[in-house]
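**Q** Got a structure for you, questions after.
The values are calculated or read from the model by the stated rules, or taken from the named source; none is laboratory data. Please read all numbers here as calculations on a predicted model, not as lab measurements. All Cβ positions, glycine included, derive from the backbone under ideal geometry; neighbour counts span all protein chains shown. Calculation scope for accessible area: heavy atoms of the full protein, side chains included, ligands and nucleic acids excluded. Shrake-Rupley method; radii C 1.70, N 1.55, O 1.52, S 1.80 Å.
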Amino acid sequence: MISNSQCDRGISFVGCGSATPQKIITNDQLSQRVDTNDEWIQSRTGIGERRVISENESLIDLATHAALNAVKMANWDVKTIDLIILATSTPEDLFGSSPKIQSNLGASNAVAFDLTAACSGFLFALITASQYLASGSMKRAVVIGADQLSKWVDWDDRKTCVLFGDGAGAVAVEAVNDETGLIGYDLKSDGSKGDCLNLSQSNNFLDLIPGASYQKGEYFPIKMQGKEVYKFAVREVPIILGEILDKYQIKSDKIDWLLLHQANQRILDAVASRFSIPSEKVLSNLKFYGNTSAATIPLMLDEAVRDQRIKSGDLIACSGFGAGLSWGAALFYWHGPY
Ligand code: ACO
């Protein structure tokens, strides 16, 4: 577990952006492929459609667009960016996709690296970036959450394929000396329950030379014990959020927006009801995108900032959870221009 101590400097959220694939696959369309229907998917998850990257698009393109939109909103010169972290479980290159994004952006002074923590990835990357900023070693960071789970879903497994979609979101954060945006956070992992949800490599060993073999690099599709992940989320998210609210002595009625990882509307509703947060304050775009993994939180944030639901100075309670198992929460004020 890591939780924040007193930071030397504050972190301000000054920009956000997002990008999604053009191709929409509705629930009805999915039912042409697997034995499912719109009523089952909507009532169990809240998902109505999802977007899937096609031949003329790429994860790196989406992530670049999302980052560029965040940088534009922040009104930064790209040359002033010090750090780019790409949270993804689905890089185009296992050595890392973030350097390509850095180059696409022209952010030649930024160091860029990938970070993997599944659906918690954006939150983990945000807190990682905040450490560099708070320490004074860096001033400006772009944190991207982007995933293309469509390439790792078993499209013939109705228990998982209806849940996921592709997308990208990003935030621009900078170190400030006065007021801080990031109030507090907490991150957790429990690898003992990792089997509940994974995208694991195959154990396929092939002959190399007589007497030696090598492991072929390939992965199985996503496997999930949905009920276990559901129970984990509705148990742990209220605990971790409640602990942060207590620590900073913030009453839940002071929260302007509940911004959770978009996995299932029933999880959003269950967490909101634990804190008596009314549904008008619960951000949800599951209906249009499904679970875009590391992208859900910044994608939702960007949508709500640009349609002016979230306003400068609003207090946001955020939590991400997913494979690992991993989970985390953060309380922050939005300080962007909208
Ligand atoms: N269409 C129609 N029927 C279906 C479908 C489908 N797409 N999927 C399952 N069913 C059937 C099942 O076969 C089962 O039928 P049976 O009773 O005859 O066996 C029945 O519906 C109930 O299935 P359950 O799996 O028990 O359904 P449940 O209510 O648990 O909902 C769901 C499943 C939506 C996956 C839910 O468990 C869930 O949301 N879990 C959490 C997932 C999550 O939050 N993941 C986040 C992390 S993602 C990451 O980190 C990458």
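**Q** Using a ≥ b ≥ c from the Cα gyration tensor of the range 15-108 (square roots of the eigenvalues), is it rounded, prolate or oblate, where a/c under 1.5 gives rounded and otherwise the larger of a/b and b/c decides, a/b for prolate?
**A** Verdict is prolate for the range 15-108.
**Q** Would you grab the residues whose amide H sits under 5 Å from the one on V282? Only those 5+ places off in sequence or on another chain, please, with H modelled 1.01 Å from N.
**A** Counting only residues 5 or more places away or on other chains, the set is L258.
**Q** Compute the Rg/Rh shape ratio of the range 160-283: radius of gyration over Kirkwood radius, all on alpha-carbon atoms.
**A** 1.11
**Q** What are the extents of the Cα atoms of the chain along their three principal axes, in Å, largest first?
**A** 62, 46, 38
**Q** Could you report the accessible area of L59 in Å², rounded to 10, computed with a 1.4 Å probe on the protein chains as they sit in the structure?
**A** Only protein atoms counted, so the area is about 0 Å².
**Q** Kindly provide log₁₀ I(q)/I(0) values, in the same order as q = 0.12, 0.18, 0.21 Å⁻¹, from the Debye equation applied to equal alpha-carbon scatterers of the range 23-168.
**A** For the range 23-168, the Cα-only Debye profile gives -0.56, -0.99, -1.20.
**Q** Just how large is the dipole of the chain about the Cα centre, in debye to the nearest 20, putting +1 at every Lys and Arg Cβ and -1 at every Asp and Glu Cβ?
**A** 420
**Q** Order the following by accessible area, largest value first: H335, H261. Probe radius 1.4 Å; ligands, DNA and RNA are ignored.
**A** Solvent-accessible surface, decreasing: H335, H261.
**Q** What would the Debye equation give as log₁₀ I(q)/I(0) for the range 257-298 at q = 0.22 Å⁻¹, counting only Cα atoms as equal point scatterers?
**A** -0.65
**Q** Provide the three semi-axes, in whole Å and in decreasing order, of the ellipsoid equivalent to the range 209-338 as defined by the square roots of 5 times the Cα gyration tensor eigenvalues.
**A** That gives 33, 18, 14 Å for the three semi-axes.
**Q** Provide the solvent-accessible area of L325, counting protein heavy atoms only and rolling a 1.4 Å probe, rounded to the nearest 10 Å².
**A** Only protein atoms counted, so the area is about 10 Å².
**Q** Any chance you could look up the accessible area of T20 with a 1.4 Å probe, heavy atoms only, rounded to 10 Å²?
**A** Counting only protein heavy atoms, T20 exposes about 40 Å² to solvent.
**Q** Along the Cα→Cβ direction, 7 angstrom out, place labels at S43 and E179. What is the inter-label distance in nm?
**A** 4.7
**Q** Out of every Cα pair in the range 277-338, what percent are spaced more than 19 Å from each other?
**A** Value for the range 277-338: 33 percent of Cα pairs lie more than 19 Å apart.
**Q** Where the accessible area of the chain is counted over protein heavy atoms with a 1.4 Å probe, how much of it, in %, is carbon and sulfur?
**A** Ligands and nucleic acids excluded, carbon and sulfur give 49 percent.
**Q** Okay, moving on. Remind me, what semi-axes does the range 190-241 give for its equivalent ellipsoid, largest first in whole Å, using sqrt of 5 times each Cα gyration tensor eigenvalue?
**A** For the range 190-241, the semi-axes come out at 37, 10, 7 Å.
**Q** What are the ³J(HN,Hα) couplings of the range 256-271, residue after residue, when phi is run through the Karplus curve with 6.51, -1.76, 1.60 and θ = phi - 60°? Round to Hz, x for glycine and proline.
**A** Per-residue couplings from phi come out as 7, 9, 9, 10, 9, 3, 8, 10, 7, 4, 5, 5, 4, 5, 5, 5 Hz.
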